[in-house]
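Encoded as structure tokens, the structure appears first; notes follow it.
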Amino acid sequence: MANRPEPQNGNLGIQQVVISIVLLVLVFGMLVVPMIQDRTATQTVPYSTFKSRIEEGAIREVTLADRMISGPLNSAEGDVTGLSAVLPAQNDPGLLPLLEEMDVPVTAVNSGDGSIISMLLPWVFLLGFYIWLMRRFRSGQAGLPSGMENLMSGRFLKPAKQPRKITFDDVAGQDTAKREVFELVEFLRDPERFARVGAEVPHGVLLMGPPGTGKTLLARALAGEADVPFFSTTGSEFIEVFVGVGAGRVRKMFEAARAAAPAIIFIDELDSIGRTRGTGLGGGHDEREQTLNQILAELDGFSGKEAVVVLAATNRPDVLDPALLRPGRFDRHVTLNLPDKAARRAILDIHAKDLPLSKEVDLDEVAAGTPGFSGADLKNLLNEAAITAARTSAREIRPSDIDEARDKVMMGTVRTLAIQPEERHRLAVHEAGHTAVAHFLPDADPLYKVTIIPRGQALGGTHMLPENERHTLPEPYLRAQLTTLLGGRAAEQVVMGSLSSGADDDIKRATALARSMVARWGMDDTLGPMDLRESDDHPFLGQSIARPRNFSDATAGQVDAAVQSLLKASEAQAIDILTEHKTRVQALAAALIAQETLDADAIRSCLDNGNVTHLPERTKPT
Ligand code: ADP
Ligand code: MG
Ligand code: ZN
């Protein structure tokens, strides 16, 4: 579900590698090539040898440097065209007279400071170039230099280039969000029309929704549709080591957008800078606060008629500084939701367009089988299916590949665990318990499949599929869920006569559900419809944040008691069901041990008629 990197930064890694290689080659050249040349051309010999070669007349001119003497040979001896030697520290008084006597011209060079600098200069350049490159990368700019104005903050001064034009057609579902964003396009295309009737168009629009629902995608589609300059950046890019740099960039970006108006500024992942100030959340960072203050100041600085729209996206609206959401700032909120079945189908269509799907794949079925998947999950599902198909060298993506991918995305990768036969038996009984309870309760969701193959964190799983998207949860449905959750543990009790730690997660989820029923939805008669929750749910995170309790300890005790009795009643119901159908539950467990995974039809034939005769011989447990 992670956010994809922005396209501008997509090939950053490769570029870095290429440039490092270029630098390495340069260094190699500077160090090694001169050494090799030296070796082949000039040979270093002992001083006495050098001197005797002068006496022989083999050397007709010399160069005297600080501690070296060198000179070309009259005639090359193999590869050697010159000789050099280290001068003795005790000056040889005979050297100069000898040179004069042999009539050898002497060139003296000063190997002092000047030449050290000239030796170091290329290195200084190289180091400087490297540091400059690294800073460019860190500031999120990929690509090669294209002029001075591109240095450091250049990226914000030029509208981002889209690799391929993305339009609203690439965004499936999300009709409300699309409509709201489209209004902005109309405004930007013809600001005059709105100005004539005195309409002020919102300057700050906040896209919010769970990860992977297409916020970034929608913003890019807007860029493609609007045909106006689009300045795009990510919140985290503003977080700099040096205080004040982020704020300066914000100022420059807004300046540039104003100059280019009508224009759009898009700040992705606003929460990384826009967190509540002074809470220490995210590291109570001076730099972040200054950047945030600058954004607030820029938003306040817009006059009503300026045709610049600031779009921001976040999946954590709860942590945003309230000052950001005040009127005149990000006051227009556009929510993106997880797609419903029809939208999932539409998203699958978009991403399956270029995939070789076999004719047997029914995307309607896939959409029905993926409740709770985001757009990004669905894209990932198709990709995993393609990988599975490729692994078996198939030419098409078959329904089984999609099934496997779905299980993988939903529950994690298959784990190989050494499970002892005894434990395996208990596992099968436990899952058979969940399955049987769900099967015999009319209010539970239809079963999809049951398995004792360990995946991700779970050792097995009973999977059900809601027939339709539910927006509210009726009480009988919730009670059926509670009983189903406790069915695994109840089956261990009924069939094996003992409990195990295998119901850990079931109990956790059942307790949380029962607590919501009592404390949020008023489903306990004595307590009635009173808000008794002790934490606030975060709709996009599936997490909750504690809040101060504003009811008495006595009431809290009552809540606990009500939750407990709800759980106990559900447990009792599960035990009743499983005791009544004990032999069929045992048959289902046996079938699970033999086959590991049973689909809806196999489950039905087992539980409705106790029919297990069609099963193959018990296979070897793996
Ligand atoms: P967010 O920014 O909300 O976390 P993204 O826009 O980054 O989500 O979505 C990630 C990817 O998932 C997109 O690039 C796109 O391929 C796919 N995706 C998400 N939502 C949709 C959608 N509604 N229609 C089509 N593709 C989608
Ligand atoms: Mg995003
Ligand atoms: Zn369980």
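Can you find, within region 293-318, the residue that is surrounded by the most Cβ atoms within 10 Å (Cβ to Cβ) among those that are away from ligand 2 (no atom under 16 Å from the Cβ) and among the β-branched types (V, I, T)? By that ranking, first place goes to I295. Taking the listed residues A405, A428, A432, the one that is under 15 Å from G369 (Cα atoms), small (G, A, S) and crowded, with 17+ Cβ neighbours inside 10 Å is A405, with no other qualifying. When N550 is tested against (1) part of a loop (DSSP other than H, G, I, E, B); (2) in contact (Cβ under 8 Å) with a residue 24 or more places away in the chain; (3) farther than 30 Å from T451 by Cβ, only condition (2) is not met. Among all residues of region 230-242, there is at least one that is closer than 19 Å to V171 by Cβ and either at pLDDT 85 or above or not polar (S, T, N, Q) (or both). Within region 208-219, residues that are over 11 Å from D268 (Cα atoms) and within 6 Å of ligand 1 (Cβ to nearest atom) reach no partner that is basic (K, R) and part of a loop (DSSP other than H, G, I, E, B) with beta carbons closer than 7 Å at six or more positions or on different chains. Looking at (1) of a type in the set (V, I, T); (2) within 14 Å of ligand 1 (Cβ to nearest atom); (3) out of contact with any helix residue (DSSP H, G or I) (no Cβ under 7 Å at 6 or more places or on another chain), find the lone condition where V334 falls short. It is condition (3) that V334 fails.
Flag not set for R345, criterion: among the charged types (D, E, K, R) and in contact with a Pro (Cβ under 7 Å, 6 or more places away or on another chain).
When the residues of region 257-271 are filtered to those that are in a helix (DSSP H, G or I) and more than 21 Å from D318 (Cβ to Cβ), which remaining residue is nearest to ligand 2 (Cβ to nearest atom)? Among those that are in a helix (DSSP H, G or I) and more than 21 Å from D318 (Cβ to Cβ), it is A257. List every residue pair whose Cβ atoms lie under 6 Å apart, where the two residues are 6 or more positions apart in sequence or sit on different chains, the first residue falls within region 276-305 and is within 30 Å of G198 (Cβ to Cβ), and the second residue, located anywhere, is part of a loop (DSSP other than H, G, I, E, B) and at pLDDT 80 or above. Hits for this filter: L299/R329; F302/H203. Count of region 580-602 residues, restricted to those that are assigned to a helix (DSSP H, G or I) and in contact with a Phe, Trp or Tyr (Cβ under 9 Å, 6 or more places away or on another chain), is 2. Number of residues in region 229-252 that are buried (at least 22 other Cβ atoms within 10 Å of the Cβ), closer than 15 Å to A307 by Cα and more than 16 Å from ligand 2 (Cβ to nearest atom): the value is 1.
Among the residues of region 469-512, those identified as more than 14 Å from ligand 3 (Cβ to nearest atom), more than 16 Å from H430 (Cα to Cα) and in a helix (DSSP H, G or I) are E475, P476, Y477, L478, R479, A480, A512. Contact map, region 464-477: first residue touching a residue at least 24 places away in the same chain (Cβ under 8 Å) and not assigned by TED's automatic domain parsing to the domain that holds D443, second residue surrounded by 14 or more Cβ atoms within 10 Å (Cβ to Cβ) and of a type in the set (G, A, S), Cβ cut-off under 7 Å, separation 6 or more or different chains; the map is empty. The criterion of at least 2 residues that are in the same structural domain as L486 (by TED's automatic domain parsing), touching a residue at least 40 places away in the same chain (Cβ under 8 Å) and over 24 Å from the mean Cα position of the chain (by Cα) is met by the following helices (runs of 4 or more DSSP H) wholly inside region 344-456: 421-440.
Matching residues to (1) surrounded by fewer than 17 Cβ atoms within 10 Å (Cβ to Cβ); (2) within 16 Å of ligand 3 (Cβ to nearest atom); (3) at pLDDT 80 or above:
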site: S153; (1), (2), (3): no, no, no
site: D169; (1), (2), (3): yes, no, yes
site: L188; (1), (2), (3): no, no, yes
site: M208; (1), (2), (3): no, no, yes
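Of L121, L127, L133, all but one fail to be modelled with pLDDT of 80 or more and not in a loop (DSSP other than H, G, I, E, B); the exception is L127.
The values are calculated or read from the model by the stated rules, or taken from the named source; none is laboratory data. Everything numeric in this text was worked out from a predicted model, so none of it was measured. Every residue, glycine among them, receives a Cβ derived from its backbone with ideal geometry; neighbour counts consider all protein chains shown.
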